[in-house]
Amino acid sequence: MKDGANHTVTAAVYGAPHSALAAPAAGAAQVSPLVPGSRALEDLPDGSLESLVMLAPPGTAERRYAEAQGLRALKAGGRLTVLAPKDKGGSRLRKELEAFGCAVGESAKRHHRICVVERPAAPAGLAEAIAAGALRQAGGDGLWTQPGVFSWDRLDPGTGLLLETLPPLAGRGADFGCGIGVLALSVLAAPAVTHLTLIDIDRRAVEAARRNVTDPRAEIRWADVRRDAPADLDFVVMNPPFHDGGSEDKALGQGFIRAAHGALRKGGVLWLVANRHLPYEAVLAETFKVVTPRADRAGFKVYEARK
Ligand SMILES: C[S@@+](CC[C@H](N)C(=O)[O-])C[C@H]1O[C@@H](n2cnc3c(N)ncnc32)[C@H](O)[C@@H]1O
């Protein structure tokens, strides 16, 4: 049950389920795309796992994809435990697993549904669910993307406003939380940009960005910007993560702003778009020398902040 390039993984965990809800096997390898450096569930050989505990993701296509990848990687008779908050996909788990041909034991605890199955000898529909959730070229722009990645099948309106507002930039910069690379492509259209580091915590976004952004000035990293950011930059662009504006999300966005401040040289500039209701002005004013609102439309605001 070791997690290393040369070891066979026989037990895995996807995400970080609360220990009161499900216990992964000791030494289980992390396989979530949201944990930088972890193994990819997709890379585990067919029938290699004895057990998998999965805190299932919220989107239907990405969840069915993850469940199908898990069933593919499990050996016949191997144990799959899938759980999710009831209102974030949990109430659908049972039906989804039954559709794959599994006999499901279901329980409820702490607003979660917890389903336990033994992998049947011949599950149904795995290839279809994997195809429906896979990395692909989509939309009119033909960019690579994948269900589960931020705004995977449409341009986010906040990103759109930042794209319209950004002037041509120059020097060395970074795109924090780059997603599939939409902002980066626009930034790299400026010839005076000499280097751009794209960073995202989601491996799927990073894999899509690697295919979308092939400019030799781009460097693409699977990392957490709060821990692993470049230094002495001339500029940073970002549409920081938000979900429902809960307190954790605010702290994450504020963490992005502090990380950008730390990554910039004196006089360097941050271009940021955010939902208008998110409280970023205070942290911007506290950390940056000059903060200028540059656009305000349809619930989004763009700021230019100079260090
Ligand atoms: C609002 S989306 C913006 C994506 C892209 N820049 C765009 O505009 O379409 C925020 C991105 O930040 C990423 N993210 C969230 N937390 C992160 C972290 N701690 N470090 C790096 N990226 C993170 C998410 O995976 C997501 O792709």
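Computed from the coordinates by the stated procedures, all read-outs in this text should not be read as laboratory data. Computed from a predicted model, the values in this text were never measured in an experiment. Note that we place each Cβ from the backbone using ideal geometry, even for glycine, and neighbour counts take in every protein chain shown.
Here are the numbers for this structure:
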| read-out | value |
| --- | --- |
| HN-Hα J in Hz across region 168-173 - Karplus 6.51, -1.76, 1.60, θ = phi - 60°, x for Gly and Pro | x, 9, 8, x, 9, x |
| Which of THR165, THR194, THR159 has the fewest Cβ neighbours within 10 Å, and the rest in rising order | THR194, THR165, THR159 |
| Other-chain or far-sequence residues with amide H under 5 Å of ARG39's (modelled H) | GLN30 |
| Cut-off under 5 Å, modelled amide H: who pairs with ALA295 long-range | VAL302 |
| Most fluctuating residue given options HIS195, HIS112, HIS18, as computed from a GNM of the chain linking Cα atoms under 10 Å | HIS18 |
| Shape parameters for the chain, alpha-carbon atoms, Rg then Dmax in Å | 20.9, 63 |
| Surface/4 of the Cα convex hull for region 11-132, nm² | 6.6 |
| Likely footprinting exposure, TYR65, TYR280, fewest C-beta neighbours within 10 Å first | TYR280, TYR65 |
| Residue with peak Gaussian network fluctuation, the chain [Cα springs, cutoff 10 Å], from ASP43, ASP175, ASP232 | ASP43 |
| Spin-label model distance (nm) - ALA134 vs HIS195, 7 Å beyond Cα toward Cβ | 3.6 |
| Solvent-free Debye scattering, log10 I(q)/I(0), computed from the Cα coordinates of region 136-306 at q = 0.18 Å⁻¹ | -1.16 |
| Region 204-212 - phi-based ³J(HN,Hα) in whole Hz, Karplus 6.51/-1.76/1.60, Gly and Pro as x | 5, 5, 5, 5, 5, 4, 4, 7, 7 |
| LEU155/GLU106 FRET efficiency (R0 41 Å; Cβ-Cβ; nearest 0.05) | 0.60 |
